[in-house]
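The values are calculated or read from the model by the stated rules, or taken from the named source; none is laboratory data. For clarity, every value in this text was computed on a predicted model and none was experimentally measured. Cβ placement follows ideal geometry from the backbone for every residue including glycine, while neighbour counts extend to all protein chains displayed.
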Amino acid sequence: MTFRQQHLLGIEPLHPTEITTLLDLADSYAEHNRKGIAHKDVLAGLTQINMFFENSTRTQASFELAGKRLGADVMNMGMQASSIKKGETLIDTALTLNAMRPDLLVVRHPHSGAVDLLAQKVNCAVLNAGDGKHEHPTQALLDALTIRRAKGRLHRLSIAICGDIAHSRVARSNIMLLGKMENRIRLIGPPTLMPSGIGEFGAEVFENMEEGLKDVDVVMMLRLQKERMDGGFIPSEREYFHRYGLDAEKLQHAKPDAIVMHPGPMNRGVEIDGTIADDINRSVIQEQVEMGVAVRMAAMDLLAQNLRANRKPQEVTA
Amino acid sequence: MTKTFFANARLIDPVALTDGPGALLVVDGRIAAVGEDLSAPKYADIIDCGGQCLAPGIIDIGVKVSEPGERHKESFRSAGQAAAAGGVTTIVTRPDTTPAIDTPETLEFVERRAQEDAPVHVLPMAALTKERMGREMTEIGFLQDAGAVAFTDCDRVVTNTKVFSRALTYARSLDALVIGHVQEPVLSEGAAVTSGKFASLRGLPGVSPMAERMALDRDISLLEMTGARYHVDQITTARALPALERAKRNGLQITAGVGVHHLTLNELDVADYRTFFKLKPPLRSEDDRVAVVQAVADGLIDIISSMHTPQDEESKRLPFEEAASGAVGLETLLPAALRLYHADMIDLPRLFRALSRNPARLLGLKAGRLREDTPADLILFDPDAPFQLDRTKLQSKSKNTPFDGAKMQGKVIGTWVDGTRIWGRI
């Protein structure tokens, strides 16, 4: 077993073998999920708390389902309406929760680094479900699993990530993961949606989508983060779709067997043409959702194993 | 008549830019004689410096003492003790308190509190505009009469160029010193770090280092218009240096400072969202740091200060974007600055030119030098003594130092203000 992490805060601290370990386990969970084989014993007796300081339907549901399939007691806390509004600091919230002795804490927060901060203050395993513009590790892992299942490997692939890279934690985690696994990464988007220092990321950068998509194996579209577009990064949605929206014509430049991915939720007609998204020969978007549950099961399984191993000596001495 | 004779010293002279053995005589709180062959007069207290460095006390421009308003973060007593421990003999205080120091009445409060509690000299600055809101200038004349040594809105830029140009023009008529912060306000809005690869990897909002030069360019244009006497609190980027150099060469009355943290740390020190490294302006790239250190050594940047900004744990233990900016620095100013000396980037006389001599000149003080007829504000320090910083041992009420646990060199053996020892063994 080569997975040494206590938390899953990001892709950055993971070693490639840890990624492979996690994906292998997730792969078997995906098969078992399809066959309806239950694993209620894996997290039995453990408590999982989902703390979402930012709205999310699909990620929260995916974590909840993953926990329940493994037999954890799952509790959802919608944090937007709770004590944060009453002025409680994140640290105090963490300490309060910690006193309830959860085993797995799944956190989404609008500020980069907030999940790291929280993890320093609690005694349980923390899973980052997205922090600001920093990381969204389970999304990158589920993308990786989807790619590996579709392409039969997760190395030496040419992968294009297109759209709003600047505001995307999904893009950061994916760049990190796909880079660690030795793939060629191409970043495509208008320069206003590229993060600063992009030239030093070890990826090729394209402003022209046709050029960027040439002969790629994977086309990964990003959601245009409309709620974060407070500064006029693009002139209009229609010009954006014309230049950077994925349609059949642009997709022709990719390899004939290239797959199309999207982390959801999609803005049809803004970053992706509806017919491409629904094309069962090209789009793996539904598979991504399915792999999401399997990857989260694997992540919680591995973290719970490490948690139990770390706790044992304390219980003996107590 | 009290006489104190400092024997066997290594004299750091920031005027002659020399560093050598000698002795110094203090009579009634003033330096009476300095020299290599000086011998002790009769009836003098003799202090054997043991070959350690004797230098003019540090004059730290831009210290935040959180009185009035946030005395739990720092008081005149605690700041004064921190200064004494750090070899700072004069603190020049910022007006960004709550309320801001923008009337002669609040200024007098500061002076009275300082007089009561601080063992070091305290010279207050006042706000340039009322409540530091950038709309109306303060009573610069009255404030000057009440003892304000400079006028500044601190880290708030006066965005309204018309207001700023009038304030500069008015200040010029009184020969008042204006201190500005250069950061293009719209471009830097919401920024927590400097833009670049590190900011992008951490997903933190960044500001281009260019925002500093843009604001500096505006202010230089205004100086050409108004002829005011102007000091930039912090120049932290390489790109701003040529503009500063040109402005000086063109004879404008402009000087510049830099905080010691920007000379000794870079953006990567933020690492995993360490909020004690969140500063304003944010820490820069290593290239910028090296360029700015060179500018201090060359004399283009005139002053090093601590930019002492006390913050309590509650304001720092937050997600990085929400955390307060600033770090305490009075006690770490000297050992941090000595890192540059130990790295062979600057010699001690030039370091004290920036720590003592130039601040005194800027404020028109007869201090910051080892010369006769100068107040005996002195520090004796061992530049090599190693130690590991423990933030809980700081004199400041607030412990927000980025150097916690850092291995440093340089210990203050003694601090004298007007010839009276206020720190060290007596």
Would the range B:299-310 turn up any residue that is out of contact with any Gly (no Cβ under 7 Å at 6 or more places or on another chain), away from every other protein chain (no Cβ under 14 Å) and surrounded by fewer than 24 Cβ atoms within 10 Å (Cβ to Cβ)? yes
Provide a single number: the residues in the range B:154-200 that are within 14 Å of chain A (Cβ to nearest Cβ) and among the acidic types (Asp, Glu). 1
Within the range B:201-226, work out how many residues are on the phi < 0 side of the Ramachandran plot, within 11 Å of another protein chain (Cβ to nearest Cβ) and either in contact with a Ser or Thr (Cβ under 7 Å, 6 or more places away or on another chain) or not hydrophobic (A, V, I, L, M, F, W, C) (or both). 7
Scanning the range A:172-210 residue by residue, the ones that are among the charged types (D, E, K, R) and either at pLDDT below 95 or assigned to a helix (DSSP H, G or I) (or both) total 4
Among residues belonging to the range B:174-196 that are modelled with pLDDT of 95 or more and of a type in the set (D, E, K, R), point out the one that is farthest from B:Leu283 (Cα to Cα). B:Asp175
Tell me, yes or no, whether the range A:123-132 has at least one residue that is at positive phi and touching a residue at least 60 places away in the same chain (Cβ under 8 Å). yes
Before we move on, is A:Leu141 part of a helix (DSSP H, G or I), more than 9 Å from every other protein chain (Cβ to nearest Cβ) and not acidic (Asp, Glu)? yes
Residues of the range B:251-274 being touching a residue at least 24 places away in the same chain (Cβ under 8 Å), more than 18 Å from B:Glu212 (Cβ to Cβ) and away from every other protein chain (no Cβ under 14 Å), which ones? B:Gln253, B:Thr264, B:Asp269
Answer with yes or no whether B:Ile179 is over 23 Å from B:Met307 (Cβ atoms) and of a type outside the set (D, E, K, R). no
Condition first: of a type in the set (Asp, Glu), away from chain B (no Cβ under 14 Å), without any contact (Cβ under 8 Å) to a residue 60 or more places away in the chain and in a loop (DSSP other than H, G, I, E, B). Now tell me which residues in the range A:213-238 satisfy that. A:Asp215
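Table: residues versus (1) hydrophobic (A, V, I, L, M, F, W, C); (2) at pLDDT below 95; (3) surrounded by 18 or more Cβ atoms within 10 Å (Cβ to Cβ).
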site: B:Phe151; (1), (2), (3): yes, no, yes
site: B:Arg166; (1), (2), (3): no, no, no
site: B:Gly206; (1), (2), (3): no, no, yes
site: B:Met210; (1), (2), (3): yes, no, no
site: B:Asp233; (1), (2), (3): no, no, yes
site: B:Thr237; (1), (2), (3): no, no, yes
If you check B:Ala327, B:Ala295, which single one turns out to be closer than 30 Å to A:Gly130 by Cα, in contact (Cβ under 8 Å) with a residue 60 or more places away in the chain and away from chain A (no Cβ under 14 Å)? B:Ala327
Lone qualifier among B:Arg132, B:Arg94 - being of a type outside the set (Val, Ile, Thr) and either farther than 30 Å from B:Ala271 by Cβ or without any contact (Cβ under 8 Å) to a residue 60 or more places away in the chain (or both): B:Arg132
State whether one or more residues within the range A:124-137 are away from every other protein chain (no Cβ under 13 Å), among the charged types (D, E, K, R) and outside any loop (DSSP other than H, G, I, E, B). no
Selection from the range B:382-426 of residues crowded, with 21+ Cβ neighbours inside 10 Å, of a type in the set (A, V, I, L, M, F, W, C) and within 29 Å of B:Asp344 (Cβ to Cβ) yields B:Leu394, B:Phe403, B:Val412, B:Trp423
Considering each residue of the range A:161-171, count those that are free of Cβ contacts under 8 Å to residues at least 60 places away in the same chain and assigned to a helix (DSSP H, G or I), and give that number. 2
Anything in the range B:205-228 that is part of a loop (DSSP other than H, G, I, E, B) and in contact with a helix residue (DSSP H, G or I) (Cβ under 8 Å, 6 or more places away or on another chain)? List them, or say none. B:Pro205, B:Pro209, B:Gly227, B:Ala228
In this structure, does B:Pro335 turn out to be in contact with a Ser or Thr (Cβ under 7 Å, 6 or more places away or on another chain) and either more than 14 Å from chain A (Cβ to nearest Cβ) or under 16 Å from B:Asp96 (Cβ atoms) (or both)? no
Taking the stated definitions as given, is A:Lys121 under 21 Å from the mean Cα position of the chain (by Cα) and surrounded by 15 or more Cβ atoms within 10 Å (Cβ to Cβ)? no
With the requirement that a residue be in contact with a Gly (Cβ under 8 Å, 6 or more places away or on another chain) and under 28 Å from B:Ser221 (Cα atoms), what does the range B:253-281 give you? B:Gln253, B:Gly257, B:Gly259, B:Val260, B:Leu279, B:Lys280
Answer residue from the range B:312-324, given it is among the charged types (D, E, K, R) and within 23 Å of B:Ser75 (Cβ to Cβ) and is nearest to the other protein chains (Cβ to nearest Cβ) among those: B:Arg317
Looking at A:Glu182, is it closer than 20 Å to A:Lys250 by Cβ and either surrounded by fewer than 24 Cβ atoms within 10 Å (Cβ to Cβ) or within 14 Å of chain B (Cβ to nearest Cβ) (or both)? no
Which of the residues that make up the range A:194-212 are away from chain B (no Cβ under 12 Å) and either without any contact (Cβ under 8 Å) to a residue 12 or more places away in the chain or farther than 24 Å from B:Leu204 by Cβ (or both)? A:Glu204, A:Phe206, A:Glu207, A:Asn208, A:Met209, A:Glu210, A:Glu211, A:Gly212
Do the conditions hold for B:Arg246, that is, is it at pLDDT 95 or above and under 22 Å from the mean Cα position of the chain (by Cα)? no
Which strands (runs of 3 or more DSSP E) sit wholly inside the range B:56-142 and have at least 3 residues that are under 29 Å from B:Thr159 (Cβ atoms)? B:58-63, B:88-93
Specify which of the listed residues (B:Ala243, B:Ala215, B:Ala211, B:Ala199) is hydrophobic (A, V, I, L, M, F, W, C) and more than 24 Å from B:Phe151 (Cα to Cα). B:Ala199
